[in-house]
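In what follows, a single structure is set out as structure tokens and then discussed.
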């Protein structure tokens, strides 16, 4: 049994570095925490590199650990690598999915422009998964998909939903070449979302919490949509708007 | 000009107590923070009892302060009464709306059973406002509507959206007597949401993040609905589900 007691151990230092975006990008890995997320990741097969368990925690028998490296650690070590205030006692190191836009076989995609809140990004990945989208593409200015708060909000969808980073200008261009309608969300020069025909392939473009979608991107779309506000609120939360639209647009 | 320097001042102690649900219920008031929320509250007319401003903050000229008591305070006092780590320098004490279920003239309502996360409650109040609902009714086990995190998530909708507390069993009964359809959200004995006819009055019942709606309440509804999951995620966030359904069900 592998057991690490000291927070000064080289492996612990390496795990801890994964709390930074820089290290996650450098290594192509990320750290997840908690029983539910680790269980979901293990179900996916070849995502989990290693599992880290607090010496006081009990791994449920249903966890598919065959062939996976397990390291036991002290509570002190677990606290050091955790992003939460009360760690559950289990964590894992996972491989990031390597998917390119060109590799997507079907094209029902959610494009996200500069959404900064990790909870919003995570919830949109979860909703896109539920709505049967093929991929989520994060443009510039978005929170990192492998940020611990994003991962928690995805509730496990990060393990099966393809999430790519990309240049949205180029991607909108490529979608339009393939005759896939690209719907932006905007208040000006837009039609109500229920005026649009449902379709089997489409791209939905949503944007920053305060500023909305970048105007240059909106000028590139097939059509821009708005969701009517029937009451007095100024706007909808971007995750709510994305949910309403993804479910409405799909055939 | 009223000016308070000491955190030991009786008024400061009283303001600070409003961070507790108990004191909010006792006084029928609540505390809001930040320029956007205070501006929105002032627009509503007779909600704001008094405005509290840090001596270093500048109140924008557009704020409708006529007739409203303003007290200046030190940064130390502002920090003491604030729920945020970096207070914006402005706060206000507001009156809670006193609305009874019987007083609602129209009946398009969102019923919430035991949703604990303040962000989810706040987002649902904001979305209910946008979707033109007449009221949000919080059953037992819900986060307090006047919790600072709920208020922030409503983005100001708390000032114009009637939010009531109530016994959901009694309210569902009363709605049914009035022939208003009550739709629960559930996975069993339910139909897909798009099978339901849109209507001008309806009640939507959503429930706890993990457990869903209480079974006893589900047994009382006119019809229970589910939102299909087309991908691999286990469920939708309750706020997203409520958003999709409120927009879908309204005529």
Only one of these conditions is not met by residue B:72: (1) at pLDDT 95 or above; (2) surrounded by 16 or more Cβ atoms within 10 Å (Cβ to Cβ); (3) within 27 Å of residue B:122 (Cβ to Cβ). Which number is it? (3)
Condition met for residue A:154 (in contact (Cβ under 8 Å) with a residue 40 or more places away in the chain and either more than 14 Å from every other protein chain (Cβ to nearest Cβ) or within 17 Å of residue A:112 (Cα to Cα) (or both)): no
Taking segment A:228-243 only, how many residues are over 20 Å from residue B:119 (Cβ atoms) and at the interface with chain B (Cβ under 7 Å from one of its Cβ atoms)? 3
Would you please name the residue that is nearest to the other protein chains (Cβ to nearest Cβ), looking only at residues in segment B:213-222 that are assigned to a loop (DSSP other than H, G, I, E, B) and crowded, with 16+ Cβ neighbours inside 10 Å? B:213
Considering each residue of segment A:118-132, count those that are touching a strand residue (DSSP E or B) at 6+ places or on another chain (Cβ under 8 Å) and within 7 Å of chain B (Cβ to nearest Cβ), and give that number. 2
Hits in segment B:159-170 - residues which are under 17 Å from residue B:115 (Cα atoms) and either within 14 Å of chain A (Cβ to nearest Cβ) or touching a residue at least 40 places away in the same chain (Cβ under 8 Å) (or both): B:163, B:164, B:166, B:168, B:169
For a quick check of your reading: which strands (runs of 3 or more DSSP E) sit entirely within segment B:100-212 and have at least 2 residues that are closer than 22 Å to residue B:226 by Cβ and assigned by TED's automatic domain parsing to the domain that holds residue B:228? B:108-113, B:135-138, B:182-185, B:202-207
Please determine whether any residue of segment B:200-207 is at pLDDT below 95 and away from every other protein chain (no Cβ under 14 Å). no
Which residue out of A:225, A:236, A:245 is free of Cβ contacts under 8 Å to residues at least 12 places away in the same chain and either outside any loop (DSSP other than H, G, I, E, B) or closer than 17 Å to residue B:122 by Cβ (or both)? A:236
Filter result (over 9 Å from residue B:239 (Cβ atoms) and surrounded by fewer than 23 Cβ atoms within 10 Å (Cβ to Cβ)) within segment B:113-134: B:114, B:116, B:118, B:132, B:134
Are any residues in segment B:3-37 more than 24 Å from residue B:159 (Cα to Cα) and either loosely packed, with under 12 Cβ neighbours inside 10 Å or out of contact with any strand residue (DSSP E or B) (no Cβ under 7 Å at 6 or more places or on another chain) (or both), and if so, which ones? B:3, B:5, B:6, B:7, B:8, B:9, B:10, B:13
Hey, can you tell me all the residues within segment A:89-112 that are surrounded by fewer than 21 Cβ atoms within 10 Å (Cβ to Cβ), within 14 Å of chain B (Cβ to nearest Cβ) and under 13 Å from the mean Cα position of the chain (by Cα)? A:97
Residue in segment B:178-188 that is more than 16 Å from residue B:36 (Cβ to Cβ), at pLDDT below 95 and within 14 Å of chain A (Cβ to nearest Cβ) present: yes
I need a count of the residues in segment A:156-185 that are surrounded by fewer than 19 Cβ atoms within 10 Å (Cβ to Cβ) and farther than 14 Å from residue A:101 by Cβ. 3
Could we say that residue B:115 is in contact with a helix residue (DSSP H, G or I) (Cβ under 8 Å, 6 or more places away or on another chain), within 14 Å of chain A (Cβ to nearest Cβ) and closer than 30 Å to residue B:199 by Cα here? no
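The values are calculated or read from the model by the stated rules, or taken from the named source; none is laboratory data. Keep in mind that what you see is a predicted model, and the values were worked out from it rather than measured. Cβ sites come from the backbone with ideal geometry, for glycine too, and all protein chains shown count toward neighbours.
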